[in-house]
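Scroll down for the structure; my scribbles are underneath it.
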Amino acid sequence: MPNRKFADGEVVMGRWPGSVLYYEVQVTSYDDVAHLYTVKYKDGTELALKESDIRSQSSFKHRKSQSSSSSPSRRSSSRSRSRSRSPGRPARGRRRSASQSREQKDDKKKTIQETSLALPVFVLFKPSENNTKRYNGEPESTEKNDTSCIILEQKLKPDLEVKRVLEQYSLRPRKDEKKKEEIYSEKKTFMAVKPIEKVPTKTKEMEFGGRIGTFLLIFFLPATVFYLLLMCKQDDPSLLNFPPLPALESLWEWRVFGVYVLWFFLQAVFHLLPIGKVVEGLPLSNGRRLQYRINGFYAFLLTAAAIAALLYFQFELHYLYDHFMQFAASAAAFSLALSIYLYVRSLKAPEEELAPGGNSGYFIYDFFTGHELNPRIGSFDLKYFCELRPGLIGWVVINLAMLLAEMKIHNLSVPSLSMILVNSFQLLYVVDALWNEEAVLTTMDIIHDGFGFMLAFGDLVWVPFVYSLQAFYLVGHPTTITWPAAAAITVLNCLGYYIFRSANSQKNNFRRNPADPKLANLKFIPTATGKGLLVTGWWGFVRHPNYLGDIIMALAWSLPCGFNHILPYFYVIYFICLLVHREARDEHQCKQKYGLAWERYCQRVPYRIFPYIY
């Protein structure tokens, strides 16, 4: 058992990294291997500190009392008495006077050091204590982000007082004065830029079952996709009727792979076109903001024009339906190759560019979750491109191919009502995502998750080939629904879309401009990061109203397929599991990021996704 000086739960004074300031912290744990203490600050921030950066509270109180007992007025009077001595004193008296001057000089040096150490402790805690009392569960809508400016002003006033004391009573040489000014300027700069983002460190808490879980998922996810597609091609797609395994050579065709690669690079060309605005993303750990071109909707229009041209020249789009399994295999192979490339290039990436959740040091885990946060080739952001372009737009193209295949196979002059509903609902969802493309920059996929196998396979394979499962199912299993049923399903989808879109718009508008007069009716809880947690509107109803709208829409997409089999409802079941798991990840991160403010928010908004249920 290593010898440790501070116990878990002990309240001590911890030095903020890169500064000379000490703050009151609580020891939460100790790493026996790295010999680091994990401490928690009053605002909820958690950091790992060395033992040399931690001191007991008693040492600070003792020093503060010493500095107060030696007031500047006393030192000033003793100095005047020393100057009033007669010049005709004997040599011994002069020696004694010189000795006293040296003692006074040492005393003043000590006092100055004690004062500069004691004052910042006071500066830090007064504002945070007032904040806690002011917003104890009852936030005011008038208190917006300007609160941070008031706190900063209160911090700098005592710091200027420190500078005045140092200038008035310092007996140091000019060289020491210059060094002192540099230290002061560094301290002021630190306080002006607080809070400081932490540089990514090794991932301690692994998700998805750790190394074993991620290893199994690399094989389980592709197997699930092929199982679902094989089930849809059967006459009886019941769960107990396991489909026969196809020959491996029947799953691969080089021509199909070439078509898929052409599709991927066509979308890349559309993305690189100099159309659409350029916006900045959220600040990275090093403070830098990446730029993104917002032109997804234009890429969708160009794709629609290209598809229309192919149909005009009588290209058989149902070729996609006839070779659907081969297209899925091609997409899986391409995503695997892309994941290998991403991991190899991430090995040379700087530490600050690694993903906070994919830097564990274990190959399988980092390969799955993504080792690098924002891999780029020049200005071409690979993760951002794959998030919305090849898979999401490809989803719409697949649905259209299924609609045309249904008409050809069943000799229909118009598509079935069920197929029209599925295509319309999902087209609305994709167009909305592309129209509001900028909102994706604040999602967990962009700001937290690295780009590895999980996102590459999800964006390029899972989204287009699993999300289109209802349309693929209806081709082989036509379902007739009545107009009243279609009207009820349409209302349900519109309700889900309204909740989803209005909740996301409310959040994005508040993040972009909290002082907008249109948002004056919204109340929020301020946090130590400068952001606010909404407690009114949709975000006061449940913590994730956008997830609630998503799930309602997913149900509406499955209902047109009828109730003969559970297979078309795989999407809504999977989506509920996905969003519940994502909500748990988000809950954990917000608790670490916002601290006490998040706990207060959870008290105000107790339900996570489903009101009065969960």
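The values are calculated or read from the model by the stated rules, or taken from the named source; none is laboratory data. Just so it is clear, the model here is predicted, and its values are computed rather than measured. In this analysis, Cβ positions are derived from the backbone assuming ideal geometry, glycine residues included, and neighbour counts consider all displayed protein chains. Just so you know, the surface numbers come from the protein's heavy atoms only, side chains and all, with ligands and any DNA or RNA stripped out. Shrake-Rupley method; radii C 1.70, N 1.55, O 1.52, S 1.80 Å.
Things to note:
- Any hit, the stretch 297-306, residues being open to solvent by 50 Å² or more (accessible area, probe 1.4 Å), farther than 30 Å from Pro350 by Cα and more than 35 Å from the chain's Cα centre (by Cα): yes
- Within the stretch 347-358, being part of a loop (DSSP other than H, G, I, E, B) and under 18 Å from Leu441 (Cα atoms) holds for Ala355, Pro356, Gly357.
- Scanning the stretch 481-496 for residues that are of a type in the set (Ser, Thr, Tyr) and either modelled with pLDDT of 95 or more or open to solvent by less than 50 Å² (accessible area, probe 1.4 Å) (or both) yields one hit, Thr490.
- One residue stands out among those in the stretch 580-614 that are assigned to a helix (DSSP H, G or I) and in contact with a Leu (Cβ under 9 Å, 6 or more places away or on another chain): the one that is modelled with the lowest pLDDT, which is Tyr594.
- Some residue of the stretch 286-293 being part of a helix (DSSP H, G or I) and either within 24 Å of Leu382 (Cα to Cα) or not aliphatic (A, V, I, L, M) (or both): no
- Verdict on Tyr227 being of a type in the set (Phe, Trp, Tyr) and modelled with pLDDT under 95: yes
Results for (1) hydrophobic (A, V, I, L, M, F, W, C); (2) surrounded by 12 or more Cβ atoms within 10 Å (Cβ to Cβ); (3) out of contact with any helix residue (DSSP H, G or I) (no Cβ under 6 Å at 6 or more places or on another chain); (4) not in a helix (DSSP H, G or I), shown as yes or no for each residue.
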| site | (1), (2), (3), (4) |
| --- | --- |
| Arg255 | no, no, yes, no |
| Gly258 | no, no, yes, no |
| Phe264 | yes, yes, no, no |
| Ala268 | yes, yes, yes, no |
| His271 | no, yes, no, no |
| Val278 | yes, no, yes, yes |
| Pro283 | no, yes, yes, yes |
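- Selection from the stretch 500-558 of residues that are part of a helix (DSSP H, G or I), touching a residue at least 12 places away in the same chain (Cβ under 8 Å) and open to solvent by 50 Å² or more (accessible area, probe 1.4 Å): Arg511, Trp538, Leu555
- On the stretch given as the stretch 1-49, residues that are assigned to a loop (DSSP other than H, G, I, E, B) and of a type in the set (D, E, K, R) total 7.
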